[in-house]
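Inspection log for the structure reproduced underneath, given as structure tokens.
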Amino acid sequence: MNKTLSAKASIQIQKPIEQVFDAIISPEKMNHYFIEHGTGQLETGKTVQWKFPEFEDKFPVTGQQINQNEYISFDWSGGAEGMLVEIFLESQADGSTVVRIKESQMTADESGIQQAIGQTEGWANFLACLKAYLEYGINLRTGAFDFMKNIK
């Protein structure tokens with residue numbers, strides 16, 4: 001029996017794999033669709049801080065394995081055991097890129113189920129925002145989560 005759950009999401013982006021990869025590891029690009037600010041580029045073994053516009057806190061993110069234009073993994077559990085995010089990039093014949101995300105290690109109980117659902121929603125939103133930014137130059141997050149600033 002599987003004792004952990006995973007969140008998964010995927011999308012096809014009409015941009016070359018190099019552009020998609022760069023937009024995911026670069027805080028200067030990520031702040032156009034995902035974070036407000038990052039302290040550095042995602043790299044293997046390096047911890048950076050991500051600041052989201054709807055939260056006061058900064059979140060530590062540690063690069064686990066970064067393979068140029070094909071794979072990105074990071075831990076953002078803040079020292080707790082195992083919130084591993086894996087991003088798989090697949091170049092397509094038409095020059096587009098399929099992005100698949102898997103976040104693992106949620107417990108197989110009611111709390112873990114709710115977390116897996118929430119993380120799946122979050123990664124689907126991330127991918128939609130990434131696509132809108134890369135294909136159309138639009139930041140879908142602008143104002144989208146202002147309602148969360150008042151949630152304690």
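The values are calculated or read from the model by the stated rules, or taken from the named source; none is laboratory data. None of the values given here were measured: they were computed from a predicted structure. Every residue, glycine as well, gets a Cβ built from its backbone with ideal geometry; the counts of neighbours run over all protein chains shown. Note: areas computed on protein heavy atoms with side chains; ligands, DNA, RNA excluded. Shrake-Rupley method; radii C 1.70, N 1.55, O 1.52, S 1.80 Å.
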Can you tell me how many residues within segment 40-54 are in contact with a helix residue (DSSP H, G or I) (Cβ under 7 Å, 6 or more places away or on another chain) and either in a helix (DSSP H, G or I) or open to solvent by 60 Å² or more (accessible area, probe 1.4 Å) (or both)? 1
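Residues to consider are Gln105, Gln114; find the one that is more than 13 Å from Ile11 (Cα to Cα), without any contact (Cβ under 8 Å) to a residue 60 or more places away in the chain and not in a loop (DSSP other than H, G, I, E, B). I'd like the intermediate steps shown before the answer.
Details: Gln105 fails: without any contact (Cβ under 8 Å) to a residue 60 or more places away in the chain.
Residue meeting the stated conditions: Gln114.
Report whether or not Asp57 is exposed (fewer than 13 other Cβ atoms within 10 Å of the Cβ) and at pLDDT below 95.
On the way: exposed (fewer than 13 other Cβ atoms within 10 Å of the Cβ): yes; at pLDDT below 95: yes.
Yes: the conditions hold for Asp57.
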Can you tell me how many residues within segment 121-152 are part of a loop (DSSP other than H, G, I, E, B), of a type in the set (D, E, K, R) and under 18 Å from His32 (Cβ atoms)? 1
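One line per residue, one yes/no per condition, for (1) over 17 Å from Val20 (Cα atoms); (2) surrounded by 15 or more Cβ atoms within 10 Å (Cβ to Cβ); (3) of a type in the set (S, T, N, Q):
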site: Asp94; (1), (2), (3): no, no, no
site: Thr97; (1), (2), (3): no, yes, yes
site: Ser104; (1), (2), (3): yes, yes, yes
site: Gln115; (1), (2), (3): yes, yes, yes
site: Thr120; (1), (2), (3): yes, yes, yes
site: Asn125; (1), (2), (3): no, yes, yes
site: Ala132; (1), (2), (3): no, yes, no
Filter segment 68-92 down to the residues that are assigned to a loop (DSSP other than H, G, I, E, B), in contact with a Leu (Cβ under 7 Å, 6 or more places away or on another chain) and open to solvent by less than 40 Å² (accessible area, probe 1.4 Å) and list them by number. Asn69
Output the qualifying pairs, or none if there are none: Cβ atoms under 9 angstrom, residues six or more apart or on different chains, first residue in segment 13-36 and of a type in the set (Gly, Ala, Ser) and in a loop (DSSP other than H, G, I, E, B), second residue buried (at least 19 other Cβ atoms within 10 Å of the Cβ) and at pLDDT 95 or above. Ser26/Gly38; Ser26/Leu42
Per the list (1) open to solvent by less than 60 Å² (accessible area, probe 1.4 Å); (2) in contact with a strand residue (DSSP E or B) (Cβ under 6 Å, 6 or more places away or on another chain); (3) farther than 30 Å from Lys149 by Cβ; (4) modelled with pLDDT of 95 or more, residue check on Pro16 breaks on (2)
